[in-house]
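Peer 1: Structure in structure tokens, see below.
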Amino acid sequence: MTNSTVPVNLNQKFSLFSEHWRPKVVAELNGQEVKLVKFKGEFVWHHHDEQDELFLVWKGKFRVEFRDRAMELKSGEFLVVPRGIEHRTVAEEEVEVIIFEPAETRNTGNVADDKFTARAGESI
């Protein structure tokens with residue numbers, strides 16, 4: 001993980017893992033973490049009681065589904081999911097995503113899931 005004045009190469013960092021759904025921390029700032037994650041398939045429905053979540057698409061496309069609508073995001077686009085809003089992510093093909101959120105945020109929010117819940121603070 002980088003917390004210095006050295007540039008981070010996102011393509012190189014994404015090449016270090018192949019696992020889907022479990023974000024890897026690449027930087028921390030002001031109580032926030034910058035996380036890299038690869039999505040493919042459907043994630044679990046969940047929400048975050050106390051944290052907003054920002055998804056920025058690095059490569060590919062995916063959609064964020066809400067109970068009443070879905071938003072498709074493609075490379076270069078981002079979306080903020082406000083705290084308390086139930087959602088899930090779905091990617092037909094593998095997508096690379098950057099997430100910005102408070103350090104204590106569990107990726108599955110209010111849900112604990114053996115397949116999807118990431119280990120806290122796992123970094124690359």
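Just so you know, all these numbers are worked out from the coordinates, no wet-lab data involved. These numbers were taken from a predicted model, which means no experiment stands behind them. Here the Cβ positions follow ideal geometry from the backbone for every residue, glycine too, while neighbour counts run over all protein chains shown.
Peer 1: Multiplying the sequence separation of T5 and V90 by 0.36 nm and subtracting their Cα-Cα distance, what value in nm do you get?
Peer 2: In short, 27.2 nm is gained.
Peer 1: Now, a different point. Within straight cross-link reach of K35, meaning Cα distance under 16 Å, which lysines are found once same-chain residues fewer than 8 apart are removed?
Peer 2: Within the straight-line limit of under 16 Å, K35 reaches these lysines: K13, K24, K59.
Peer 1: Further question: According to a simple spin-label model (label point 7 Å from Cα along Cα-to-Cβ), what is the distance in nm between S75 and Q32?
Peer 2: 2.4 nm
Peer 1: Just name one of G60, F39, P82: the one whose Cα is farthest towards the positive end of the charge dipole of region 10-102 (beta-carbon charges, Lys/Arg +1, Asp/Glu -1).
Peer 2: About the Cα centre, the residue reaching furthest to the positive side is G60.
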